[in-house]
1. Taking region 45-61, which residues are touching a helix residue (DSSP H, G or I) at 6+ places or on another chain (Cβ under 9 Å), in a loop (DSSP other than H, G, I, E, B) and farther than 9 Å from residue 74 by Cβ?
2. Exactly one condition in (1) touching a strand residue (DSSP E or B) at 6+ places or on another chain (Cβ under 7 Å); (2) surrounded by 23 or more Cβ atoms within 10 Å (Cβ to Cβ); (3) not assigned by TED's automatic domain parsing to the domain that holds residue 140 is false for residue 75; which is it?
3. Considering only region 142-156, I want to know if a residue exists there that is at pLDDT 95 or above, over 24 Å from residue 63 (Cβ atoms) and surrounded by 15 or more Cβ atoms within 10 Å (Cβ to Cβ).
4. Do you know which of the residues in region 78-104 that are in a helix (DSSP H, G or I) and in contact with a strand residue (DSSP E or B) (Cβ under 8 Å, 6 or more places away or on another chain) is surrounded by the most Cβ atoms within 10 Å (Cβ to Cβ)?
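The values are calculated or read from the model by the stated rules, or taken from the named source; none is laboratory data. Keep in mind the model is a prediction, meaning the values are calculated, not measured. Glycine gets a Cβ as well: all are built from the backbone with ideal geometry, and neighbour counts include every protein chain shown.
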């Protein structure tokens, strides 16, 4: 039987300071993310999903009301793993590579994309996520927001970039100013190399935290 594992952060806990503190990452990764991993591993035995990878668990449970708790845990494990990789020290600024071209084509300009992305993040009522996603059929980019644990994987979209807007993601460092947190995320944290890899279809499977 496989076991879902908590992935290591892709940088030191101090690496994103002063925007995101080591204290925030300690609680967010070591407590919140770890709790989703642990709960999911408690739910898997006897579920019929024991030998599936994380992506497959999410897809299989997304529309099953009887598996809502399992979906929530699995999706949050995936969402958080994706979020960590969306950030990097000395990141942020305008998009690069193929993604920059596609953003200009689909939004008109990077500034327009940034405006819509920030609006989605700040406009998400309560806990949730703001996303840049791509259509699987034609690669067209769009913005979406999801509540609580919901994830683009459950809606047939390719996740390209996300910002976690649950309060525990930013409250220590920004208190209730979600807008300031999202702006700093865009200005100094976004890992455009990772986003480009996800858009090109080169990275998503690596985020399936399944240890067989």
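1. 47, 48, 52, 53
2. The number of the failed condition is (1).
3. no
4. Going through the qualifying residues, I end up with 79.
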